[in-house]
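Written below as structure tokens is the structure these notes are about.
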Amino acid sequence: MIRQRVSPHATARQAASGRPRVNRMAPTKARRLRIDPHIETGQRLRREMRDEASVAAPSTTARSQPSLHVAPADAPVVLVISGVAEAWPGAQADLLGTARELVPDGAIALATLGDVECDPESAGADGLVTWIGDCQSGESRQVGALLAAIAHYRPAHIVLADEAADADLLRRLAVALEEHPALQVTSARGGKVTCLVDAGTRQFTGPAPKLVGLRRSACAAFEGFLRFEARISEIDASMPGREPFTDEGLLPVRSDTLSLTEAEMVVGAGAGVTDYDSLFAVADCLSGAVAGSRVVCDAGSLPRARQVGASGSIIEARFYLAFGISGAPQHLQGIRACRYVVAVNTDPHAPIMERADLAIVADAQAVMRALTERMEKVPQ
Amino acid sequence: MSDTPSFTVAVCLSIGRHPVSGRPRMAPCDRQALEMAIASGHHVAAFHAGPGDEAVLRDYLGMGVGEISHLELGDGADILAALTEALAALDPALVLFGDVAEIGPSSGLLPYMVAKMLSRPILTSVTGFELRAGELAITQAAAGGRRRLRRGVPPAVLAVSRSAPAPRLSAYARARTGKIITHPATGETPAITMPELRPAKRQSARLRPGRNAEAATGRRLVEDVTAEDAAQEILEFLARAGFAKALPFADTQRAKNGNQNV
Ligand SMILES: Cc1cc2nc3c(=O)[nH]c(=O)nc-3n(C[C@H](O)[C@H](O)[C@H](O)COP(=O)(O)OP(=O)(O)OC[C@H]3O[C@@H](n4cnc5c(N)ncnc54)[C@H](O)[C@@H]3O)c2cc1C
């Protein structure tokens, strides 16, 4: 049986064909997530580079179909591996592009334990793995499936992200293959890699070994105007054996114990918040961590450990919801790394409203209550 | 206190290096591993393999472990063989490591290699464990600060995450009375010697020309809305920005609006 992760929206035809589900929404989403609306200069630079590209390519070719790239049969294979979830949004495309830079004349194949989150034909996959059997549940099974794919392709290099859960997968493969990997790689091109050592304080450059673990900063997706074959290889991932550790699932999140520095979503309260029950309710609905401005922590409404800012925690949450926070410079320092900021404040001229991607002029209490009400009415 | 028989939990401690001053110190992750071992209430056996640094080892002793076995090796020698030999002789229920070391390759590969040499399963990103009556419950750090529960049986190797509980402080009195027991060990210098090291360059994400074409979410100021509409705006925004929890709320509402408009 061919294992398919078919989304409920997939058409019957997709489900019947042998192709793995390709999340066609993903590349757009990934691209979208990466722009920073606050970096104006970056955008201008990108625009210039884009203009340059369009000047270089005559407009006739730009409008025609991309030509098909077929890797020669004897080309060295580079196998790009991605775990159950992408290490970062767009990681699969980024790894494919970087694999091509590492071995420009190589044949690049993608084996992912989760969904295919890029368009393999434009991202640069000459080959693509579909699994027969369960390749996902448990570390041993995942490693077993990948070893089968490695045995099939006999790649010259195996490329993974050295980030998130893929870092674990990479080390398990290294030990299983008895290969010394290049880890924390910050640059990979033309057969050479640069690795960070001594906790990132020093680096060295050398020839790429078989296993290469890339940091996100080393990666860039393929930008050329080509179409790749993405030829399917079916790999049998079904194997006997027992997982040493069972997975009992994620533990319920409590907004008051969730770590501020790790959370994806942080809900912050300032002096404009009076209804703390609603604040915690909102945070619980969003599985977020609760934080406060200094004023709030000074007043004892939240513990000191929950203070965000220059004299509190510097957070890196992807989402920050600021209720009744004025956005003093000391507070903004703490949320500099936050990707998306939503502010609810009665004062449209509060500095936080400048920093926010979505600024709503309204009473924090009322909006918090409406949010909870809205989210508790679970629409299936 | 506990009526269940106590197990032995081994902890492998390394010498860290302060990232700014460069001075040797306890490696933060190893401190957390030691904290976890001490807090578990089981018998703790602490190991250090390498040239050693008396002051740092004493700091570890100050956290409340009675003695540390120091497997003395030359600088740059391969600690894997010495460590596995000592661990195999002790045969502890659990072996704990910190997730990453601060000196050397900092690759976090050592726990995996030790696990393989001892033929034990390994779990990483561990934030806590409970070992009772031969059953092992482990919490593991997951994305977004969440925790995953895993179950298994000893023996096992665990690598402790930076997200594990903060370690206790080191007490001077205990640091002085604790014992460092030195065992001369034989370790070969590893075959792979590191090439010439240079100071690391600052990393910045690579520019991606031509991509990022469409703007996702411009900055937006919303005024004069009801609280309900404001809440909906927020959920729609979060859904567009890729926050999974907001997706169902945004979609249904859009569908509803659509129906109303028709
Ligand atoms: C050395 C130093 C270090 C500091 N470090 C920090 C730090 O680490 N973290 C930190 O946060 N601060 C820090 N501060 C304090 C900082 O300067 C500000 O005083 C503080 O951040 C303001 O907190 P706030 O926004 O909660 O309160 P305020 O500035 O009082 O703002 C309250 C906001 O709530 C709005 N509001 C009122 N009622 C409502 C309502 N019903 N609905 C919606 N909005 C409403 C108001 O319009 C206002 O914008 C530091 C200051 C100094 C001098």
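Counting only strands (runs of 3 or more DSSP E) that fall entirely inside the stretch B:81-144 and contain at least 1 residues that are within 21 Å of B:ILE38 (Cα to Cα), open to solvent by 20 Å² or more (accessible area, probe 1.4 Å) and touching a residue at least 40 places away in the same chain (Cβ under 8 Å), the qualifying elements are B:122-132. Considering A:LEU183, A:LEU146, the condition of being within 15 Å of A:SER238 (Cα to Cα) and in contact with a strand residue (DSSP E or B) (Cβ under 9 Å, 6 or more places away or on another chain) is satisfied by A:LEU146 alone. Selection within the stretch B:145-182: residues that are within 25 Å of B:GLY50 (Cβ to Cβ) and among the β-branched types (Val, Ile, Thr). The member of this set that is most open to solvent (accessible area, probe 1.4 Å) is B:THR177. Would you mind telling me which numbered condition in (1) more than 7 Å from the ligand (Cβ to nearest atom); (2) more than 16 Å from B:LEU238 (Cβ to Cβ) A:LEU371 fails? Among (1) more than 7 Å from the ligand (Cβ to nearest atom); (2) more than 16 Å from B:LEU238 (Cβ to Cβ), the lone unmet condition for A:LEU371 is (2).
Results for (1) among the small types (Gly, Ala, Ser); (2) in contact with a helix residue (DSSP H, G or I) (Cβ under 8 Å, 6 or more places away or on another chain), shown as yes or no for each residue.
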{"residue": "B:SER40", "(1), (2)": "yes, no"}
{"residue": "B:ALA49", "(1), (2)": "yes, yes"}
{"residue": "B:ASP53", "(1), (2)": "no, no"}
{"residue": "B:ASP59", "(1), (2)": "no, yes"}
{"residue": "B:GLY62", "(1), (2)": "yes, yes"}
{"residue": "B:GLY74", "(1), (2)": "yes, no"}
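Counting the residues of the stretch A:324-345 that are aliphatic (A, V, I, L, M), open to solvent by 10 Å² or more (accessible area, probe 1.4 Å), more than 6 Å from the ligand (Cβ to nearest atom) and touching a Gly at 6+ places or on another chain (Cβ under 9 Å) gives 1. Is it true that some residue in the stretch B:183-194 is facing another protein chain (nearest Cβ under 7 Å), closer than 22 Å to A:LEU183 by Cα and either open to solvent by 70 Å² or more (accessible area, probe 1.4 Å) or at pLDDT 90 or above (or both)? The answer is yes; a qualifying residue exists. Regarding A:ALA366, is this residue open to solvent by 10 Å² or more (accessible area, probe 1.4 Å) and either within 8 Å of chain B (Cβ to nearest Cβ) or of a type outside the set (Lys, Arg) (or both)? Judged against the criteria, A:ALA366 is a match. Of the residues making up the stretch A:273-292, those that are open to solvent by less than 40 Å² (accessible area, probe 1.4 Å) and touching a residue at least 60 places away in the same chain (Cβ under 8 Å) number 8. On inspection, B:VAL56 qualifies as β-branched (Val, Ile, Thr), at pLDDT 95 or above and outside any strand (DSSP E or B). Evaluate the stretch A:224-232: report whether one residue or more is under 25 Å from B:TYR112 (Cα atoms), open to solvent by 20 Å² or more (accessible area, probe 1.4 Å) and within 11 Å of another protein chain (Cβ to nearest Cβ). So far as the stretch A:224-232 goes, no, none of its residues is under 25 Å from B:TYR112 (Cα atoms), open to solvent by 20 Å² or more (accessible area, probe 1.4 Å) and within 11 Å of another protein chain (Cβ to nearest Cβ).
Meeting the requirement of 1 or more residues that are touching a Gly at 6+ places or on another chain (Cβ under 7 Å) and within 13 Å of chain B (Cβ to nearest Cβ), the strands (runs of 3 or more DSSP E) wholly within the stretch A:122-221 are A:182-189, A:192-197, A:202-207.
The values are calculated or read from the model by the stated rules, or taken from the named source; none is laboratory data. Model, not experiment: these values are computed from the prediction. Here Cβ is always computed from backbone atoms with ideal geometry, including for glycine, and neighbour counts include all displayed protein chains. When the accessible area is computed, the model is the full protein with side chains, heavy atoms only, and any ligands, DNA or RNA have been set aside. Shrake-Rupley method; radii C 1.70, N 1.55, O 1.52, S 1.80 Å.
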